[in-house]
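Just below is one structure, and these are the notes that go with it.
The numbers here are math on the coordinates, done by the rules we state, and not lab data. Nothing here was measured: the structure is a model prediction, and the numbers come from that model. Cβ placement follows ideal geometry from the backbone for every residue including glycine, while neighbour counts extend to all protein chains displayed.
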Amino acid sequence: MPNSDYPLVEYITSTTSRSFDDIKETVDIVRKVCKDIQYEDFRAILALIYGESRFNPNAVSSANAKGLMQIIPSTWNILKQNLSRIGVNIANILNKRDNVTAGSYHYYKTCIKPLLKYFNAKDVYELFQANIGQYERLLRIAVISYNAGESVGLNYAKGKRTWNSLAGQTRTLVNTFKQYYDQIKHLKYHVGDIIDDDRDQLMIPEQSLSERNGKTNGLSTLNIIFIIVIVIAIGLSGYYIIKKVKK
């Protein structure tokens, strides 16, 4: 049954034919996978899944693309080999976790990252903090790469391909991705979340992130100790001066 404690899951459920529990399972998988590949904006992956399969894990297209993220078997085999080299094993293209792992890795590592240089950014965090509009444009061009091939996305970013030159299904996917992402990008996973592993985290400087995750900044700690020592020293000096005057 729908649970208003999970606004994001409830919204996605309302836009698909899947059950609340099924969608929550998928969202939880996506969140975990994005954390593993160190890409915080898991809502971009959710928007891509909606555009590709409407969250149907058993979807198979006329081109034989399969699963939540509509991966073609030949691409799957390449991703399977690449992932195994870094110690990640996937086995079943129709398995939710395996499909999301392969698709998310492909979207972030192969489609998003090569585009960063055309946006004069070293990583997605820098681009997001500098220009959110450009960050979202990057996501859309990465969808072109994901659907039509990396070379098509790169040529589009370079200005060598126009919007109208793209295949109709690619344009449809990009438009669907944009509309859906706009709908979910600010929805909380859980109503109690103050900050989530998502767009909000992309705005936080890395130093603050490390502190939030319980990693103390050594220099800051030393500075605090130093200030405390100085204050105590000044206090003691004042005490002895006053004592000496009284004598």
Simple SL model, points at 7 angstrom along Cα→Cβ for SER165 and GLN129; separation in nm is 3.6 nm
For the range 129-138, Karplus-derived ³J(HN,Hα) couplings (6.51, -1.76, 1.60; θ = phi - 60°; whole Hz; x for glycine and proline) come out as 5, 7, 7, 4, x, 5, 4, 5, 5, 4
Inter-part gap, Cα centre of the range 56-111 to Cα centre of the range 166-188, in whole angstrom, is 20 Å
Phi-derived 3J(HN,Hα) across the range 10-19 with the Karplus relation (6.51, -1.76, 1.60, θ = phi - 60°), rounded Hz, x for Gly and Pro, is 5, 5, 4, 4, 5, 9, 10, 9, 8, 7
Here FRET efficiency (C-beta to C-beta, LYS188 to SER84, R₀ 35 Å, nearest 0.05) is 0.50
So, over other residues within a Cβ distance under 14 Å of ALA59, counting Lys, Arg +1 and Asp, Glu -1, the net charge is +2
Sorted on mean Cβ neighbours within 10 Å (highest first), peptides 40-48, 156-164 come out as 40-48, 156-164
For ILE71, other-chain or 5+-apart residues with amide H closer than 5 Å (H placed, Pro excluded) are LYS66
Phi-derived 3J(HN,Hα) across the range 113-122 with the Karplus relation (6.51, -1.76, 1.60, θ = phi - 60°), rounded Hz, x for Gly and Pro, is 4, x, 7, 4, 5, 7, 10, 6, 9, 7
If R0 = 25 Å, then SER61 and ASP36, at their Cβ-Cβ distance, give a FRET efficiency to the nearest 0.05 of 0.40
